[in-house]
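Right, one structure below, let's go through it.
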Amino acid sequence: MGSLVCVGTGLQLAGQINVMSRSYIEHADIVFSLLPDGFSQHWIQQINPNVINLQQFYAQNTEVKNRRDTYVEMVAAILEAVRAGKKTVCALYGHPGVFACVSHLAIRQAKAEGFSAKMEPGISAEACLWADLGIDPGNSGHQSFEASQFMFFNHVPDPTTHLLLWQIAIAGEHTLTQFHTTTDRLQILVEQLSQWYPMDHQVVVYEAANLPIQAPRVDYLLLSELPKAHLSPISTLLIPPAKKLEYNYAILAKLGIGPENLG
C-alpha cells in the first residue's frame, strides 16, 4: 500500500526542518516539493534524489491559469504516486498545513481512498514573525486572516490585539490568476481598516528570511502609506494593537476578582 506524509521544511534552508520530517524525506520512494528557491530545491535533492518539483504546475511565462487548476493538478500527481504503492512525501516550505491547500486536499483524498496519510508540522512564517519582532502574542492575543478574505467578508478585527493579514501582495485579487494586487485595491483595504485603526497607526510589512545569511524584512510604515509599499509574494502585514485591553467588569465581579489583582 502506498502512503502519504506531508511535511514542513520550515522557512530557512535546512536549519528549521525537524528530525522526523527529514527522516520521512530520506526514506521516501518519491518526494514532491514546493520550495521557495533553487537553493532549497537543491538541498532536498541531496537528501533524496527522487524529487518532483511542483512549481512546474503553476502558470508558465505568459500563460493565464487559475490557481485552483494548478492545485488540482498537483494533488493528482501526488495521488498517482500513492496509488502506485509508493511511500510518498510532499515537502512544503514553512508549515505544510498553513496557507497550503495542496497538503490538505491530498491527505483528504488519500484517506478517502483508504491510504495512510498524515501531516507533520513545520516552522511557519507566523512563528518566525513573533521571534523576529520580539512579540509574545499571548500578552494581548492576536487575529489572523488571509488579506483578500478579510476584504471580501464581514470580519471584525479587535483593535486591542495584533492583527495579521497574510498574502497582502494579492489583497483584493479574486480571479486566482494573478500574483499581485494594485494600489487601488490596497487603498480600499486601508479605508476598510480605518474603521478600527487611525490612518497614522504604525504597521509592519514583514518577510521571514529564507536563508541563514539573510535578515528578515521588517519595514515600519503608517497605515496610510500601505498602498505605496513595496510588496512581494511572501509579505505579511502586521497591525499592532491600537487600543488598550479593556476590563470585563461583569465577569470579574462574578469571579470575585478586582482589576488591581490582575497586574
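Taking residues in the stretch 199-211 that are part of a strand (DSSP E or B), and partners anywhere that are modelled with pLDDT under 95, the pairs with Cβ atoms closer than 6 Å and at least 6 places apart or on different chains are Glu207/Ile234.
Taking the criterion of being in a loop (DSSP other than H, G, I, E, B) and either within 20 Å of Asp200 (Cβ to Cβ) or open to solvent by 90 Å² or more (accessible area, probe 1.4 Å) (or both), the residues of the stretch 232-247 that qualify are Pro233, Pro240, Pro241, Ala242, Lys243, Lys244, Leu245, Glu246, Tyr247.
When you go through Ala229, Ala253 one by one, which is the residue that is of a type in the set (A, V, I, L, M), out of contact with any helix residue (DSSP H, G or I) (no Cβ under 9 Å at 6 or more places or on another chain) and open to solvent by 20 Å² or more (accessible area, probe 1.4 Å)?
Details: Ala229 fails: out of contact with any helix residue (DSSP H, G or I) (no Cβ under 9 Å at 6 or more places or on another chain).
None of the others qualify; the one that does is Ala253.
Which residues, taken from the stretch 84-108, are in a strand (DSSP E or B) and not aliphatic (A, V, I, L, M)? Answer for the stretch 84-108, where residues must be in a strand (DSSP E or B) and not aliphatic (A, V, I, L, M): Lys87, Thr88, Cys90, Gly94.
Of the residues making up the stretch 222-252, those that are without any contact (Cβ under 8 Å) to a residue 60 or more places away in the chain, closer than 16 Å to Ala147 by Cβ and of a type in the set (A, V, I, L, M) are Leu223, Leu226, Ala229. Here Asp69 clears all of (1) in a helix (DSSP H, G or I); (2) under 20 Å from Thr177 (Cα atoms); (3) in contact (Cβ under 8 Å) with a residue 40 or more places away in the chain except the condition numbered (3). Of the residues making up the stretch 1-24, just one is under 19 Å from Leu79 (Cα atoms), surrounded by fewer than 22 Cβ atoms within 10 Å (Cβ to Cβ) and of a type in the set (A, V, I, L, M, F, W, C), namely Met1. Among the residues of the stretch 73-81, not a single one is surrounded by fewer than 21 Cβ atoms within 10 Å (Cβ to Cβ) and in contact with a Cys (Cβ under 8 Å, 6 or more places away or on another chain). Scanning the stretch 122-136 for residues that are touching a strand residue (DSSP E or B) at 6+ places or on another chain (Cβ under 6 Å) and not β-branched (Val, Ile, Thr), we see that the one that is least open to solvent (accessible area, probe 1.4 Å) is Leu129. The set of residues in the stretch 28-40 being open to solvent by less than 20 Å² (accessible area, probe 1.4 Å) and within 19 Å of Tyr58 (Cβ to Cβ) consists of Val31, Phe32, Ser33, Leu35, Ser40.
Picking from residues in the stretch 182-220 that are more than 22 Å from the chain's Cα centre (by Cα) and open to solvent by less than 60 Å² (accessible area, probe 1.4 Å), the one that is nearest to Ile135 (Cα to Cα) is His201. Figure legend. Inter-residue proximity from the stretch 138-154: first residues under 18 Å from Val190 (Cβ atoms), second residues open to solvent by 40 Å² or more (accessible area, probe 1.4 Å) and among the aromatic types (Phe, Trp, Tyr), beta-carbon distance below 8 Å, spacing 6+ or different chains. Indicated pairs: Glu146/Phe99. With the condition kept exactly as written, say whether any residue in the stretch 165-175 is among the small types (Gly, Ala, Ser) and touching a helix residue (DSSP H, G or I) at 6+ places or on another chain (Cβ under 6 Å). Yes, the conditions are met somewhere in the stretch 165-175. Scanning the stretch 99-121 for residues that are open to solvent by 50 Å² or more (accessible area, probe 1.4 Å), hydrophobic (A, V, I, L, M, F, W, C) and out of contact with any helix residue (DSSP H, G or I) (no Cβ under 7 Å at 6 or more places or on another chain) gives Phe99, Ala112.
The values are calculated or read from the model by the stated rules, or taken from the named source; none is laboratory data. No experiment lies behind these values; they were computed from the predicted model shown. Every residue, glycine among them, receives a Cβ derived from its backbone with ideal geometry; neighbour counts consider all protein chains shown. In case anyone asks, the SASA skips ligands and DNA or RNA and just uses the protein heavy atoms, side chains included. Shrake-Rupley method; radii C 1.70, N 1.55, O 1.52, S 1.80 Å.
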